[in-house]
1. Just for segment 6-19: of the residues that are of a type outside the set (V, I, T) and not in a helix (DSSP H, G or I), which one is surrounded by the fewest Cβ atoms within 10 Å (Cβ to Cβ)?
2. Within segment 25-76, track down each residue that is modelled with pLDDT of 90 or more, under 13 Å from F12 (Cβ atoms) and not in a strand (DSSP E or B).
3. Search segment 20-39 for residues that are loosely packed, with under 14 Cβ neighbours inside 10 Å and pair each with any residue that is in a loop (DSSP other than H, G, I, E, B) and among the acidic types (D, E) when their beta-carbon atoms are under 8 Å apart and the residues are at least 6 apart or on different chains.
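The values are calculated or read from the model by the stated rules, or taken from the named source; none is laboratory data. On a predicted model such as this, the values are computed, not experimentally measured, just so you know. Backbone-built Cβ (ideal geometry, glycine too); neighbour counts: all protein chains shown.
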Amino acid sequence: MLPSNEQFSNEFKKMDVRKSDKIVVYDKSGMLSAPRAFWMLKSFGAQDVRILNGSFSKWQAEGRATTTGDEPSAWV
């Protein structure tokens with residue numbers, strides 16, 4: 001079951017995430033949440049969604065880039 005378009009849009013506006021952003025999803029529970037997040041984002045029109053291969057801790061340990069979403073946005 002999915003939230004309404006309005007609910008989903010409001011939550012992503014709060015996080016300053018746009019449909020046109022590159023979005024990488026990950027979880028800490030053995031890939032239970034990330035695939036669902038991927039599917040939901042794609043269902044609501046996100047254009048570039050990926051699932052992180054490996055854990056976020058591994059990503060950071062390898063010195064890979066991360067961002068915090070500094071730019072204002074709208075889920076449009």
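1. Once the filter is applied, the top-ranked residue is M15.
2. A37, M40, L41, S43, F44, G45, A46
3. Sorted first by the residue in segment 20-39, then by its partner, the pairs are S33/D27.
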